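The values are calculated or read from the model by the stated rules, or taken from the named source; none is laboratory data. Note that this is a predicted model, so its numbers are computed, not measured. Backbone-built Cβ (ideal geometry, glycine too); neighbour counts: all protein chains shown. In case anyone asks, the SASA skips ligands and DNA or RNA and just uses the protein heavy atoms, side chains included. Shrake-Rupley method; radii C 1.70, N 1.55, O 1.52, S 1.80 Å.
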Amino acid sequence: MDKMRIRGGKPLRGSIAVSGAKNAALPLMTASLLTDETLTLSNLPHLVDISTLANLLSQHGVTISMDGQANGGHTGNVLSLTAGRIVSTTAPYDLVRKMRASVLVLGPLLARERQARVSLPGGCAIGSRPVDLHIKGLQAMGARIELSEGYIEAEAPQGLHGAEIVFPFVSVGATENLLMAACLARGETRLVNAAREPEVTDLARCLVAMGADIQGIGDETMVVRGVDRLHGAHHAVIPDRIETGTYVMATAITGGDVELLGAELEHLSAAVSVLEGAGVEITATNRGVRVRRANGRLTGVDVMTEPFPGFPTDLQAQMMALMTTADGASMITETIFENRYMHVPELRRMGASINLHGSSAMVRGVPALRGAPVMATDLRASVSLVIAGLAAEGETVVNRIYHLDRGYERLEEKLAACGADIERIKEDA
Ligand code: UD1
């Protein structure tokens, strides 16, 4: 498995183009299952997760063509997806286990084909991550669902119907799955306590462009009136707010000065106010966002992860890396996933002072981190070790970087172009 070698201590300077959002792109691709016409998506990132989902969609019968055009000056892929005829309603274990977002084929397949058989998902090892809300919501819409031999077996011989679905807590994936299913269900569906993440909003906007009737986009309650059919559309994926936040932290920890091209601050307001409190200056430019330290040192701040518009759980690990060398203490509380601290022992190996108390981590800033061999088992934890390595004295080797390739497009190239001493070591090197 590839490794990443980083020699720390170089401030990042220059510009980085922000890619299209992975977590918006994945549900958007599954929306192609809802119509027999072509859905064209631009500004897609080049990532392993995108290829994994493309493989899954192909085996359902979606034909996919890649135009490879640039989009708005950023690196962007254009994919045209046509689900003329669904040839299989089974999403097999071998493809689904690689990525949890594969479960997003369930709602669209069931809505269009009235049946679906989807393996229970895998993905990052961050807590148990059940799919009970997806299943209960589809049952409320008339589906009969059984779990058998690791598969979700769903059928709705009469088609799905509208329902009022009240989520007991916010789930991005369940909101997306039910939103897509509701577009082709008979009658009205109310999604109450729906996720409001920008990626959900992006999906809803694309569905409207495909002919869906959705009210309340971006609100806690969305109302969907089912239509008989959806049609093709063109849609540009939003910029990746998590990638943006990651490079903000990488810049800040190294004391650098970087412009993030195409970044959108409005998707990151909670993170921006926390980071400003820590001494990071973040300003909008006409090309994106500029990041540098306001004046010298960083200060410890407290952070709690929350559903949007709160501080995103997908930036918690990177924020913790940033806080390891700040002045004073920082209390970081994770409220979304119960086991999202795999980076803690690894950051400690680099000299960080972190104590875990249940769902909170107390980080006491140290003068400097030291490079070390480290390893992570999920995407955001892995990138937090890269961030720490960029600031650490000496050499850090991040092992098992498979997860980084799932979620960060050309990570080492983007960082090296800003002066980082970082290189990928191939498995057989
Ligand atoms: C999505 C993101 C992921 C992000 C997460 C929270 C994608 C592809 N992934 O994941 O990067 O960290 O949102 O912002 O967009 N839960 C249940 N039952 C369910 C569904 C969820 O108990 O049926 C729990 C989960 O275990 C978790 C919480 O709800 O504790 C939130 O999960 P959810 O918002 O569904 O996350 P994902 O959609 O999987």
Practice item. Can you tell me which residue within segment 199-222, out of those that are in contact with a His (Cβ under 7 Å, 6 or more places away or on another chain) and small (Gly, Ala, Ser), is nearest to the ligand (Cβ to nearest atom)? Key: Ala209
Revision key, fill the gap. Note on segment 252-288: residues touching an Asp or Glu at 6+ places or on another chain (Cβ under 7 Å) and crowded, with 16+ Cβ neighbours inside 10 Å are Ile282, Gly288
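Residue-by-condition table, conditions (1) in contact (Cβ under 8 Å) with a residue 40 or more places away in the chain; (2) within 16 Å of the ligand (Cβ to nearest atom); (3) assigned to a helix (DSSP H, G or I):
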{"residue": "Pro345", "(1), (2), (3)": "no, no, yes"}
{"residue": "Leu356", "(1), (2), (3)": "no, no, no"}
{"residue": "Met362", "(1), (2), (3)": "no, no, no"}
{"residue": "Val374", "(1), (2), (3)": "no, no, no"}
{"residue": "Thr377", "(1), (2), (3)": "yes, yes, no"}
{"residue": "Arg380", "(1), (2), (3)": "yes, yes, yes"}
{"residue": "Asp405", "(1), (2), (3)": "yes, yes, yes"}
**Study point:** Residue match in segment 217-227 (condition: of a type in the set (Ser, Thr, Tyr) and not in a helix (DSSP H, G or I))
**Key:** yes
Point to revise | Options Arg400, Arg406: the member that is modelled with pLDDT under 95 and open to solvent by 40 Å² or more (accessible area, probe 1.4 Å) | key: Arg400
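Every residue, every condition in (1) more than 30 Å from Thr52 (Cβ to Cβ); (2) among the polar types (S, T, N, Q), yes or no:
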site	(1), (2)
Gly328	yes, no
Thr333	yes, yes
Arg348	yes, no
Gly365	yes, no
Glu393	yes, no
Glu409	no, no
Glu413	no, no
Practice item. Determine whether Gly142 is buried (at least 23 other Cβ atoms within 10 Å of the Cβ), in contact (Cβ under 8 Å) with a residue 12 or more places away in the chain and either in a strand (DSSP E or B) or not aliphatic (A, V, I, L, M) (or both). Key: no
Practice item. Could you tell me which numbered condition Met29 fails, if it satisfies all but one of (1) within 20 Å of the chain's Cα centre (by Cα); (2) more than 16 Å from the ligand (Cβ to nearest atom); (3) open to solvent by less than 10 Å² (accessible area, probe 1.4 Å)? Key: (2)
Exercise for review: Could you please find all residues in segment 12-26 being open to solvent by 10 Å² or more (accessible area, probe 1.4 Å) and within 16 Å of the ligand (Cβ to nearest atom)?
Suggested key: Lys22, Asn23
Check your understanding: Out of all the residues in segment 176-191, is one or more closer than 22 Å to Pro307 by Cα, open to solvent by 20 Å² or more (accessible area, probe 1.4 Å), touching a strand residue (DSSP E or B) at 6+ places or on another chain (Cβ under 7 Å) and within 16 Å of the ligand (Cβ to nearest atom)?
Key -> no
Review point. How about segment 202-215: which of its residues are open to solvent by less than 20 Å² (accessible area, probe 1.4 Å) and not aliphatic (A, V, I, L, M)?
Key: Asp202, Cys206
Review point. Is there any pair with a first residue in segment 85-100 that is on the phi < 0 side of the Ramachandran plot and a second that is part of a loop (DSSP other than H, G, I, E, B) and among the basic types (Lys, Arg) whose Cβ atoms are under 7 Å apart and which are 6 or more apart or on different chains, and what are they?
Key: Arg100/Arg129
Practice item. Kindly indicate whether any position in segment 76-85 is surrounded by fewer than 17 Cβ atoms within 10 Å (Cβ to Cβ) and charged (D, E, K, R). Key: yes
Check your understanding: When you look at Ser58, is it open to solvent by 10 Å² or more (accessible area, probe 1.4 Å), at pLDDT 95 or above and more than 16 Å from the ligand (Cβ to nearest atom), yes or no?
Key -> yes
Review point. How about segment 132-166: which of its residues are of a type outside the set (Lys, Arg) and within 9 Å of the ligand (Cβ to nearest atom)?
Key: Asp132, Leu133, His134, Ile135, Gly137
Review point. Can you name the residue in segment 32-41 that is open to solvent by 10 Å² or more (accessible area, probe 1.4 Å) and of a type in the set (Ser, Thr, Tyr) and is also nearest to the chain's Cα centre (by Cα) among such residues?
Key: Thr40
